[in-house]
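None of the figures in this text is laboratory data; all of them are computed from the coordinates on show. For clarity, every value in this text was computed on a predicted model and none was experimentally measured. So basically every Cβ, Gly included, is an ideal-geometry build from the backbone, and we count neighbours across all protein chains shown.
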Amino acid sequence: MKPREVVEEWVRRFNRCDAVAVAELYREDAVHLPANQRSVEGRSAIQKMFEQDFAVAGMTCIPQIIYEIGVSAVIEWRDPSGRRGCGAFAVRDSRIAFAFWDELASLQSLPIQ
């Protein structure tokens, strides 16, 4: 799969809140870096991270645009509540080798109360 196709599939699996299926898209030695947090290394650790995240929050990723640049893809997204952000994925052999998810931008886009 091309990087764009991997990210499109990632979005489908993420929106089903299926941590096992999302993790299958990552390489065994992958690194996932949530903004302003410690990196999560390895497919099994990434799966556990998604299991924990899906257990505490209903999440939906609505792609606004997906850019493909060589072996990488960048997604600009929003969710139903209006939060916005972006993610960057490096893909090798049709699997995610590195991902950065900009949750900080998402949090900053929430209305101040």
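Couple of notes before you dig in:
- On Cα atoms only, tilt of 3-15 relative to the major axis of the chain in degrees: 50 degrees
- Full extension of the segment from Arg78 to Glu9, taken as 0.36 nm per residue of separation minus the current Cα-Cα distance, would add 23.2 nm.
- Rel. contact order, % - alpha carbon contacts under 8 angstrom, at least six apart, the chain: 29 percent
- Karplus-derived 3J(HN,Hα) values for the stretch 57-66, using 6.51 cos²θ - 1.76 cosθ + 1.60 with θ = phi - 60°, are 8, x, 10, 9, 10, 10, x, 9, 7, 10 Hz; glycine and proline are entered as x.
- Reported label for calculated mean projected area of the Cα convex hull in nm² given (i) 6.6; (ii) 8.1; (iii) 7.4: (i)
- Taking every DSSP helix (H) stretch of at least 4 residues in the chain, weighting each as -39,500 (n - 2.57) and dividing the sum by the residue count yields a mean residue ellipticity at 222 nm of -10000 deg cm²/dmol.
- Between 0 and 90 degrees, the angle of helix 43-56 with respect to the longest Cα principal axis of the chain falls at about 20 degrees.
- Judged by the mean number of other Cβ atoms found within 10 Å, the most tightly packed of the peptides 32-40, 3-11 leads the ranking 3-11, 32-40.
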